[in-house]
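The values are calculated or read from the model by the stated rules, or taken from the named source; none is laboratory data. Everything numeric here is computed off the predicted structure, so don't read it as measured data. Here Cβ is always computed from backbone atoms with ideal geometry, including for glycine, and neighbour counts include all displayed protein chains.
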Amino acid sequence: ASKTMRVWFIKVRKMKAIYHTLNLCNIDVTQKCLIAEVWCPVSDLDSIQFALRRGTERSGSTVPSILNRMQTKQTPPTFNKTNKFTSGFQNIVDAYGIGNYREINPAPYTIITFPFLFAVMFGDMGHGVLMTCAALYLVIRESRLLAQKSDNEMFNMVFAGRYIVLLMGIFSIYTGVIYNDCFSKSLNMFGSGWSVRPMFGPKGANWTKEIGENAVLQLDPAVPGVFNGPYPLGIDPIWNLATNKLTFLNSFKMKMSVILGVIHMLFGVTLSLFNHLYFKKPLNIFLGFIPEIVFMSSLFGYLVLLVFYKWTAYDAFTSKDAPSLLIHFINMCLFNYNDPSNKPLYRGQMGIQVLLVLIALACVPCMLIVKTMVLRRQHLWKKHLVCQSEPIYLTAASDFNFGDVAVHQAIHTIEYCLGCISNTASYLRLWALSLAHAQLSEVLWSMVMHLGLSSRSGGGFFGLSIIFAAFATLTVAILLVMEGLSAFLHALRLHWVEFQNKFYTGQGFKFIPFSFESILEGRFDE
C-alpha cells in the first residue's frame, strides 16, 4: 500500500478535478448528454476537435461530441501564448496587470528594451560576464534543476527568470564595452587617441618628469596636437586616468538618458495608435494620439534635437562658449528671450521655439475640451436617433454622464502633460544608477584589490589569495546581487510607469485552462 500510495493520490486528485469540472456542465432536456460553455484559444480548435473525437472512440460511445463556436457579448479572457524563453518577460508585464482582450501586448518589445535599459545602469564588462555565466549555468542545466524541484523560493524566482538574467548579462557586456569599464578598469585594446606630450612644455621635452611632479592629469582637447582621433570602440581608456573623468562622463550619460527616455516614450505613444486602429476608435486617434505625439515631440523631441545639434555645432575650441540646454529649454517654455548670458544656438531659434510651444499648448484643449464636447455631441445624436425609432431604448441610450466624462478626460490630460515632464526626468535614473555602479566598483577596487596588489608588507600568495577572495565575495554580494537588483527594479519601474502607461490599460483577466499539472503541484489558487 505504501508503495502505491503516491499513485493513488495522483489518481484521486485527477478524478476529483474531472468530476468538479463535469459538475459545472449543464444537462440537456433529454438527460443524455452534457453541455459545456468554455473559453479556448481559437488556434487550438482543431486539436480540441481531435481530442473529442478520440475520447468518443475510446469510450465506445455511439453519440459523437459536437463542438460549436458561440457568439457572446461577454469579454473573453486574455491569453498570450508563451514558451520557456518568453514566459519570464510576459510575467513582468502581467505583474503590472493582465492586458485587456486583444489589447497590444508590451512583452515582445520588453524582451529588448528591458535588458537594454538594465544594462545602461549596470554597464560593466566584468560584471556582465559573471552574470552571463551564472545564467548560462541555469539554462544549460535547466532540465536537471527542474527535476530536482527545489523548495528555495529565492532560487526558484531567479531560475524562472534565467533567460531574463542571461539577456541582462549579455547587454551589460555590450554597454560595458561602450563605457570601456571592466571591474572599474579600462581596457586599452586599440591604443589611446590622446597624446599628453603637447600639454607639458613647448615641445613636450620633459613631459614624463612634469607628470611625475604634478600627479594630476586633466584632459583638455583644446590643446593643439593633444587629440589624434577617436577611439574605435567605446570611451577612450585615458579617461580612466583623468581627474576630469566625472565631468565628461556625467555630461555624456545625462544626455544619453534623456535621448533614450524620449525615444522610449514616443515609441509607447506610437503603440497606442495600433490599439485605436484595431478597436476602430477614430476619435481617440484624432483627439488623443495625434495631440499626445505632437505635444511630446514639440517639447521633448525638440530637446533631443538640440542635444544632437549642440554636439555637432561646437567643437573642443568653441565648447566654452556653448550655451546651457537646460536654461534654453526653461526659457523656451517661459517665453523668456531676454537672457544675455544664454546666446541663441542658431538663427531663427526664437521664432521656431515660440511656434513649437504654441503648438504644444494648442494640443492641451484638443485633449481636454474638444474630445469631451465631441463625445457629448455623438451621444446627443445617438439619443436623437433612438428617440425617433425605438423609444423603449431611451434609458439605455441615456447612460452618459457628461460630468464623469469631463472629469475623466481632465485627469487623463493633466496626467499626460505633467507626466511628460516627470517621466522624462525619471529616465535620469539611467545616468544616476550608472554613475553609482561605476563609483561603487571603483571604490571596491581601490579599497580592497588595489591595496593588496600595491602592498609591500609581504604575505605572498597566501595573503593575496585572501584579499582576492574578499574582493570576489564583495563584488558578487554588493555589485552583482544588490546593485543588480536595484537596476532591475528601476528598469521595471521605467517599463511599468513611463512606457506601458502610454498605451497599456492592463485591466483584463487571465485565461487559465484546465491543467492536471497545476492541480497535482497544488497550485489551486491559479
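Among the residues of segment 471-495, the one identified as among the aromatic types (Phe, Trp, Tyr) and within 16 Å of Trp431 (Cα to Cα) is Phe488. For Pro282, the conditions (1) more than 21 Å from Lys371 (Cα to Cα); (2) loosely packed, with under 12 Cβ neighbours inside 10 Å are fulfilled apart from (1).
You will find that of Tyr302, Tyr309, the residue that is crowded, with 18+ Cβ neighbours inside 10 Å and either under 24 Å from the mean Cα position of the chain (by Cα) or assigned by TED's automatic domain parsing to the domain that holds Gln378 (or both) is Tyr302 and no other.
Reported count of residues in segment 339-371, each being of a type outside the set (A, V, I, L, M) and closer than 13 Å to Glu292 by Cβ, is 3. Of the numbered criteria (1) farther than 19 Å from Lys253 by Cβ; (2) touching a residue at least 40 places away in the same chain (Cβ under 8 Å); (3) surrounded by fewer than 17 Cβ atoms within 10 Å (Cβ to Cβ), the one Gly169 fails is (3). Can you work out which of the residues in segment 321-331 that are touching a residue at least 12 places away in the same chain (Cβ under 8 Å) and more than 19 Å from Ser297 (Cβ to Cβ) is surrounded by the most Cβ atoms within 10 Å (Cβ to Cβ)? Step by step, filter segment 321-331, then rank; the result is Pro323.
Would you check if Ala205 is modelled with pLDDT of 85 or more and outside any helix (DSSP H, G or I)?
Judged against the criteria, Ala205 is not a match.
Right, Ile467: at negative phi and out of contact with any helix residue (DSSP H, G or I) (no Cβ under 8 Å at 6 or more places or on another chain) or not? Answer is no for this residue.
Hey, any hits in segment 332-348 for a residue that's modelled with pLDDT under 90, outside any helix (DSSP H, G or I), surrounded by fewer than 15 Cβ atoms within 10 Å (Cβ to Cβ) and acidic (Asp, Glu)? Yes: segment 332-348 contains one or more residues that are modelled with pLDDT under 90, outside any helix (DSSP H, G or I), surrounded by fewer than 15 Cβ atoms within 10 Å (Cβ to Cβ) and acidic (Asp, Glu). Taking the conditions (1) part of a helix (DSSP H, G or I); (2) surrounded by 10 or more Cβ atoms within 10 Å (Cβ to Cβ) in turn, Glu37 satisfies each one other than (1).
Each row is one residue, and each column tells you yes or no for (1) in a loop (DSSP other than H, G, I, E, B); (2) among the polar types (S, T, N, Q); (3) on the phi > 0 side of the Ramachandran plot.
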site	(1), (2), (3)
Arg53	no, no, no
Thr75	yes, yes, no
Thr82	yes, yes, no
Thr110	no, yes, no
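Report whether or not Val294 is part of a helix (DSSP H, G or I), closer than 21 Å to Ile352 by Cα and in contact with a Lys or Arg (Cβ under 6 Å, 6 or more places away or on another chain). No: the conditions fail for Val294.
Taking (1) over 30 Å from Leu375 (Cα atoms); (2) surrounded by 12 or more Cβ atoms within 10 Å (Cβ to Cβ); (3) without any contact (Cβ under 8 Å) to a residue 40 or more places away in the chain; (4) of a type in the set (A, V, I, L, M) in turn, Val476 satisfies each apart from (3). Among residues of segment 111-123 that are under 13 Å from Ala436 (Cα atoms), those with a Cβ under 9 angstrom from a residue that is acidic (Asp, Glu) and not in a helix (DSSP H, G or I), sequence gap 6+ or separate chain, pair up as Gly123/Asp181. Going residue by residue through segment 85-97, is there one that turns out to be buried (at least 19 other Cβ atoms within 10 Å of the Cβ) and of a type in the set (Phe, Trp, Tyr)? Scanning segment 85-97, I find at least one residue that is buried (at least 19 other Cβ atoms within 10 Å of the Cβ) and of a type in the set (Phe, Trp, Tyr), so the answer is yes.
Taking the criterion of being without any contact (Cβ under 8 Å) to a residue 24 or more places away in the chain and either touching a Gly at 6+ places or on another chain (Cβ under 9 Å) or part of a helix (DSSP H, G or I) (or both), the residues of segment 400-411 that qualify are Gly403, Asp404, Val407, His408, Ile411.
Of the residues making up segment 342-377, those that are of a type in the set (S, T, N, Q) and without any contact (Cβ under 8 Å) to a residue 12 or more places away in the chain number 1. Quick check on Tyr393: is it at pLDDT below 90, among the hydroxyl-bearing types (Ser, Thr, Tyr) and assigned to a loop (DSSP other than H, G, I, E, B)? Judged against the criteria, Tyr393 is not a match. The residues listed here are Asn250, Asn275; of these, the one that is polar (S, T, N, Q), within 25 Å of Ser434 (Cα to Cα) and in contact with a helix residue (DSSP H, G or I) (Cβ under 9 Å, 6 or more places away or on another chain) is Asn250. In segment 16-29, the condition of being in a strand (DSSP E or B) and at negative phi is met by at least one residue.
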